[in-house]
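Coordinate-derived values only; no laboratory data. In this text the structure is predicted, and so the values were computed from the model without any measurement. Quick reminder, even Gly has a Cβ in these numbers, built from the backbone with ideal geometry, and neighbours come from all protein chains shown.
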Amino acid sequence: MAESSYPMLPVPEAQALVLAQTVTLPPVTVALSAALGYVVAQDIVAQEPLPPFPASVKDGYAVVAADGPGDYRLAGEVTAGRTADFWVQPGTVAYITTGAPLPAGADAVVQVEDTERLPSPDGARVRIHRQVRPGEDIRPVGSDVAAGQVVLQAGERLGAAEIGLLATVGAAQVPVYRRPRVAILSTGDELVEPEVTPGVGQIRDSNRATLAAAVLAAGAEPVDLGIAPDVQGELEARVQRGLAEADILLSTGGVSMGELDLIKPLLEQAGTVHFGRLRMKPGKPCTFATAAVGGQRRLIFGLPGNPVSSLVTFYLLVVPAIRKLAGYADPMLHRVQAHLAQPLALDAYRPEYHRALLRWDSRLNQGRGGYLATSTGRQASSRLLSMRTANALLELPLGEGELAAGSVVSALLIGHG
Ligand code: AMP
Ligand code: MG
């Protein structure tokens, strides 16, 4: 029987090897409005405190706390965005709104619910019903963000809250790592574009559409290299184009043991092959190489052709590489524990990444709750429906027979995070 000459590498070793070859891209500057999804390249420090003045937490009256409950003369009003041109002398109060600067002389705020406007001809008297402590319902200067505080650390991904923090500290131009470019090539004489009706022996190319979407979702830019036939020269030309245009080159198909599986020899020629087989199911023929182009290291993944194999290996090996290129401090997929909703068959030779939908179930763990993992059904590597709705890859151990319903396994979260 023909055997590949490549040793079967365990997935954790392959991941470590890929990350060891991956160098974070250089920093660039982007406008705040375009910064979503980038990774910040420097610590971001607040220059000024927030709030910059003692600010009221409530709508109510600014008071001298020591005055206590009683009837007081209204000294004036201060609303958010304005400053008071008067003092709050003992024996007087001032109307104040949420976010307004505390007028000089006052040291606390009494919320409007604990006060009453007294009917008086000039409407300028207020009854205070409650004793407040000095400082009550006031945000001191710097209580939300201190001057000099690091509000974002280099390596953190910019989501909504992080963008808001950048706005708060006035970072209109943001230092981020360049977004990785990922070229995607489908290989196979049988493949046609999605809009084409396949002829005899043909099928539509689903891997390119899948991977372009997965690349975008991972925060990188896809570069389309089209479909290449199983012809050495054609493949070589596309690979060279991909290496010229992108940081990562992904091909699918042509990496197994068939006569027209031309990718492995091509990568051996174009660069250094670091592994050519993985101890995993699906995705065994996954191949990883690097090549130098103009002094830059390119990462090349020869992903298997089967649609599930290519997407599973993308999540396990390419996503961490994309994240490291993009500057993530922690590029690995997140792992949680999950309880099996049904028994699952084990593989005796290769750890399987079983596609599943995780949902929180409050009945698990004696009512403390936990993730319940529901299988997506038949796990054939050609059956893309087994990835549909999946948000996790269950890490099934090697074994005989099956794992019982209710068993606890580790699960890698895919698609976000
Ligand atoms: P290969 O690794 O080239 O032998 O391909 C393995 C299986 O995946 C074959 O059944 C191919 O037809 C199928 N396949 C390869 N590339 C694609 C693709 N881009 N879209 C859908 N199926 C594919
Ligand atoms: Mg093929």
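Okay, here's what the table says:
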item	result
Residue within the stretch 230-252 that is away from ligand 2 (no atom under 15 Å from the Cβ) and at positive phi present	no
Boolean, residue 393 is more than 16 Å from ligand 1 (Cβ to nearest atom) and in a helix (DSSP H, G or I)	no
Top-ranked residue in the stretch 165-187 [being β-branched (Val, Ile, Thr) and within 16 Å of ligand 2 (Cβ to nearest atom); ranked as farthest from residue 44 (Cα to Cα)]	187
Only one of 126, 145, 141, 151 that is touching a residue at least 24 places away in the same chain (Cβ under 8 Å), surrounded by 14 or more Cβ atoms within 10 Å (Cβ to Cβ) and in contact with a helix residue (DSSP H, G or I) (Cβ under 6 Å, 6 or more places away or on another chain)	151
Total residues in the stretch 368-406, condition surrounded by 15 or more Cβ atoms within 10 Å (Cβ to Cβ) and either touching a residue at least 24 places away in the same chain (Cβ under 8 Å) or over 27 Å from the mean Cα position of the chain (by Cα) (or both)	20
Every residue from the stretch 267-307 that is surrounded by fewer than 18 Cβ atoms within 10 Å (Cβ to Cβ) and either within 12 Å of ligand 2 (Cβ to nearest atom) or among the hydrophobic types (A, V, I, L, M, F, W, C) (or both)	292, 293
Residue within the stretch 50-66 that is of a type in the set (A, V, I, L, M, F, W, C), within 18 Å of residue 126 (Cα to Cα) and assigned to a strand (DSSP E or B) present	yes
Within the stretch 307-331, tally of residues that are in a helix (DSSP H, G or I), within 15 Å of residue 182 (Cβ to Cβ) and of a type in the set (A, V, I, L, M)	7
Test result for residue 264, surrounded by fewer than 24 Cβ atoms within 10 Å (Cβ to Cβ), assigned to a helix (DSSP H, G or I) and within 16 Å of ligand 2 (Cβ to nearest atom)	yes
Positions within the stretch 161-184 being more than 27 Å from residue 247 (Cα to Cα) and among the hydrophobic types (A, V, I, L, M, F, W, C), in sequence order	161, 165, 166, 167, 169, 171, 172
Yes/no for residue 367 being touching a Lys or Arg at 6+ places or on another chain (Cβ under 9 Å), away from ligand 2 (no atom under 16 Å from the Cβ) and not in a strand (DSSP E or B)	no
Restricting the stretch 163-192 to residues that are within 16 Å of ligand 1 (Cβ to nearest atom) and part of a loop (DSSP other than H, G, I, E, B), the residue that is surrounded by the most Cβ atoms within 10 Å (Cβ to Cβ)	188
Residue count for the stretch 194-221, restricted to those that are more than 14 Å from ligand 1 (Cβ to nearest atom) and touching a residue at least 12 places away in the same chain (Cβ under 8 Å)	6
Residue satisfying condition, being hydrophobic (A, V, I, L, M, F, W, C) and under 21 Å from the mean Cα position of the chain (by Cα), within set 35, 46	35
Counted residues, the stretch 262-271 - those being touching a residue at least 24 places away in the same chain (Cβ under 8 Å) and within 15 Å of ligand 1 (Cβ to nearest atom)	5
Residue selected from the stretch 222-256 under the condition part of a helix (DSSP H, G or I) and small (Gly, Ala, Ser), by the criterion nearest to ligand 1 (Cβ to nearest atom)	242
